[in-house]
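**Q** Take a look at the following structure, please.
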Amino acid sequence: MPAEKRERIEALEELHGFLHQSNISKTNIARIEHRKQSSSAEISNLAEFVYEIAECRPHKRRRLRYLAEHRPELFVKCWRLMPYEDAFIFPEEHGIPRPELIQQKLGISFDPPFDEDPEFS
């Protein structure tokens, strides 16, 4: 596998992994800041998004509920990025509103929860 493709995959997996950790540490935040400098727009945009979440709610406990209440635009982005997270499948059990209701409240047009990977299109 070409080094560039492998590095892209590793960077994306690392950034997605931060969202699943119980705590995004200061060391991890520094790592995310490093990824924000990537020449790849895909990686730098995802790093910017993960950084915003890490800054406002580094601990995973009730993170989605907090985002739904205080940062609805980030909540909707999370839903688009991780549509199969338990909290999005069974939102009432986690004390959060359905993502579609937040989109309506914000006046955001409904988009599919994730983009198709161009590699598989």
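**Q** Evaluate E = 1/(1 + (r/R0)^6) for ARG71 and GLN37, where r is the Cβ-Cβ distance and R0 equals 25 Å; express this FRET efficiency to the nearest 0.05.
**A** 0.55
**Q** May I pose another question? Taking a cut-off of 20 Å between Cα atoms, list the lysines near LYS77, but don't count ones fewer than 8 places away on the same chain.
**A** By straight Cα distance, LYS77 reaches LYS36, LYS60, LYS105.
Only the coordinates and a few stated rules stand behind these numbers; no lab work does. Computed from a predicted model, the values in this text were never measured in an experiment. Positions of Cβ are backbone-derived with ideal geometry, glycine not excepted, and every protein chain shown enters the neighbour counts.
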